[in-house]
1. In debye, nearest 20, what is the charge dipole magnitude of chain A about its Cα centre with +1 on Lys and Arg Cβ and -1 on Asp and Glu Cβ, if you could check?
2. Taking the protein assembly as shown as the region of interest, what is the percent of Cα-Cα pairs per 5 angstrom bin, listed from the shortest bin to the one with the maximum distance?
3. Which whole-number percentage describes the relative contact order of the stretch A:8-133, with Cα contacts under 8 Å and a sequence gap of 6 or more?
4. Just to be sure I understand the model, the point goes 7 Å from the Cα along the line to the Cβ. What's the resulting A:LEU134 to B:ASP72 distance in nm?
5. In whole percent, what relative contact order does the stretch B:81-124 give with Cα contacts below 8 Å and a gap of six or more residues?
6. State, to one decimal in nm, how far the label point of B:ASP44 lies from the label point of A:ASP44, with both points 7 Å from Cα in the Cβ direction.
7. What FRET efficiency do you get for A:CYS104 and B:LEU16 if R0 is 30 Å and r is their Cβ-Cβ distance, rounded to the nearest 0.05?
8. For A:GLU120, place a label point 7 Å out from Cα along the Cα→Cβ vector, do the same in each other copy, and report the separations in nm, one decimal, smallest first.
Protein chains: 2
Amino acid sequence: MGPFHLDERLARDSVLITTLGLCQLRLQNDCRWPWVVLVPQRNDVSELFDLTPLDQAVLTFETNLVASALKDLTGAVKINVGALGNIVRQLHVHIIARNEGDPCWPGPIWGQGTPVPYAEHDKQDFIKKLAGAL
Amino acid sequence: MGPFHLDERLARDSVLITTLGLCQLRLQNDCRWPWVVLVPQRNDVSELFDLTPLDQAVLTFETNLVASALKDLTGAVKINVGALGNIVRQLHVHIIARNEGDPCWPGPIWGQGTPVPYAEHDKQDFIKKLAGAL
């Protein structure tokens, strides 16, 4: 098995919030939307169905735990969940809080425009609030 | 509870392939990509976490069953899975087979360009093949 290796682009574009039973929960460093990613700590997994059935069940649990907390925290109209991976092949699940009138609404956010990094204080504040809501 | 009511836009844009334990499996009528949607047969459900825990587990099972079959059938490089629902609020999970060089690659496909309906023969052929692969 070997130690878990996080994809370099995921490491560069996001910051660790906390580790759950299966996944790293990471904040995407783009303050245009509240946007987190779950990365199962398994090597050489690209598709959801590459996970074992138990890991699939745990990922579902963690996805819904985080999605629900994010909706409560942000008051978002809709949560978007997606596992795409066309560019970064390491399996990761995006969870994004969406609101009417946000950039790209009602379209998807991936690959749109240019990321706007958080101010350090805002990033730490968001991380603290989301970790506290889990 | 009442009988299950399918959203009118989902009904218009897709055609029933088969019914699984929880979901309708429907073919999106857009031959630019092999693209199906799973619609849990539950009324008044918008977010994944609005489902009961049992339904969440079944949806995960059905998503991975279909995603795996679609990858085998199409030889796709990557399967994209997403639950967005910014426009159509009834919970539905998109499962799309993607390949390098397809329209929009490597970006997401939602909301891009104009749907290209299937020729009737091709539609029935795809439905038969996918249903047979499940």
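The numbers here are math on the coordinates, done by the rules we state, and not lab data. Quick caveat, the model's predicted, so the values are computed rather than measured. Glycine gets a Cβ as well: all are built from the backbone with ideal geometry, and neighbour counts include every protein chain shown.
1. Working: 12 positive and 15 negative charges, 35 e Å.
Using only the charged Cβ atoms, the result is roughly 160 debye.
2. 1, 5, 13, 18, 20, 18, 13, 8, 4, 1, 0, 0
3. Values: 179 pairs, mean separation 34.4, N = 126.
Relative contact order here is 27 percent.
4. Between A:LEU134 and B:ASP72, the simple spin-label model gives 3.5 nm.
5. On the way: 20 pairs, mean separation 9.6, N = 44.
Relative contact order, the stretch B:81-124: 22 percent.
6. Reported label-point gap for B:ASP44 and A:ASP44 is 4.8 nm.
7. Numbers: r = 31 Å, r/R0 = 1.03.
That pair, A:CYS104 with B:LEU16, gives E of 0.45.
8. 6.7
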